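This report concerns only the one structure given below.
The values are calculated or read from the model by the stated rules, or taken from the named source; none is laboratory data. Quick caveat: nothing in here was measured; it's all calculated off a predicted structure. Cβ coordinates were reconstructed from backbone atoms using ideal geometry, including for glycine residues, and neighbour counts include every protein chain displayed.
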Amino acid sequence: MSKFLNPSEVIAQTGLMQGQVVADLGCGSGFYVLPAAQLVGSGGEVMAVDVMEDKLAATISISNQFGYKNVRVVLADLAKPLLDIAPNSCDMVIVGNILHEISNKEQLIKNIYRILKVPGRVAVVEWKKSATPFGPPLERRVDQQKLEVMLMQAGLRKIKDMRADGYHYAVLFEK
């Protein structure tokens, strides 16, 4: 079995560059925030978005420990319209392992589309819909093909599959 997901390796495959603006939707404790903050540098910005205040506090804490001053937290429920981030303002949106937790996936995808610039990219990492020794229940997981259809129906175009690990899939789409 492969080693577990490395957020830096995933983000390195996205084409993220210095000075860009990123929104990490459902950032949790900052798993993808730190590598993104490192790549965009002091001229860029990472918006760490989550519905749980304790997760946002942890994200800011670890960002400060590493000296990243380019991270901003946004408290928001992603199953509702995301109005705290301006339309067409993000070069990249990261959606890491949250699809299986969100009841209103259509609204999440609308939020992604709304905040992405043209051309903006979205990197989605999610649990494979197959039995694994850990992770969310199988019936809550989102099949990769089903996800790709949802993104295409929303007007996004697939760029590539990205390397993840034995438990996850990762895809890159563009607006």
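Would you check which residues across the range 163-175 are touching a Leu at 6+ places or on another chain (Cβ under 6 Å), closer than 15 Å to Gly15 by Cα and not charged (D, E, K, R) and list them?
If the condition is that a residue be touching a Leu at 6+ places or on another chain (Cβ under 6 Å), closer than 15 Å to Gly15 by Cα and not charged (D, E, K, R), then Phe173 is the only one that fits.
For every residue, the table says whether it meets (1) at pLDDT below 95; (2) under 22 Å from Val22 (Cβ atoms).
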{"position": "Glu101", "(1), (2)": "yes, yes"}
{"position": "Ile109", "(1), (2)": "no, yes"}
{"position": "Thr132", "(1), (2)": "yes, no"}
{"position": "Lys146", "(1), (2)": "no, no"}
{"position": "Gln153", "(1), (2)": "no, no"}
{"position": "Leu156", "(1), (2)": "no, yes"}
{"position": "Lys160", "(1), (2)": "no, yes"}
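Is there a residue in the range 52-63 that is under 20 Å from Ala37 (Cα atoms) and of a type in the set (Lys, Arg)?
yes
Just checking, which of Val125, Val171 is of a type in the set (Val, Ile, Thr), in contact with an Asp or Glu (Cβ under 7 Å, 6 or more places away or on another chain) and modelled with pLDDT of 95 or more? First the steps, then the outcome.
On the way: Val125 fails: in contact with an Asp or Glu (Cβ under 7 Å, 6 or more places away or on another chain).
Checking each option against the conditions leaves just Val171.
Out of (1) within 25 Å of Val21 (Cβ to Cβ); (2) acidic (Asp, Glu); (3) surrounded by fewer than 18 Cβ atoms within 10 Å (Cβ to Cβ); (4) touching a residue at least 40 places away in the same chain (Cβ under 8 Å), what's the single condition that is false for Asp91?
It is condition (3) that Asp91 fails.
Residue under question is Gly135, and the condition is that it be out of contact with any helix residue (DSSP H, G or I) (no Cβ under 9 Å at 6 or more places or on another chain) and part of a loop (DSSP other than H, G, I, E, B); does it hold?
For Gly135, the condition - out of contact with any helix residue (DSSP H, G or I) (no Cβ under 9 Å at 6 or more places or on another chain) and part of a loop (DSSP other than H, G, I, E, B) - is not met.
Could you look through the range 138-160, keep only residues that are in a helix (DSSP H, G or I) and either in contact (Cβ under 8 Å) with a residue 60 or more places away in the chain or hydrophobic (A, V, I, L, M, F, W, C) (or both), and pick out the one that is farthest from Leu172 (Cα to Cα)?
Leu138
Restricting to the range 1-59, give me the number of residues that are over 11 Å from the mean Cα position of the chain (by Cα), farther than 23 Å from Ile159 by Cα and among the β-branched types (Val, Ile, Thr).
2
Conditions (1) surrounded by 14 or more Cβ atoms within 10 Å (Cβ to Cβ); (2) among the β-branched types (Val, Ile, Thr); (3) at positive phi, marked per residue:
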| site | (1), (2), (3) |
| --- | --- |
| Ser61 | no, no, no |
| Ile112 | yes, yes, no |
| Lys117 | yes, no, no |
| Lys129 | yes, no, no |
| Gln144 | yes, no, no |
| Ile159 | yes, yes, no |
| Ala170 | yes, no, no |
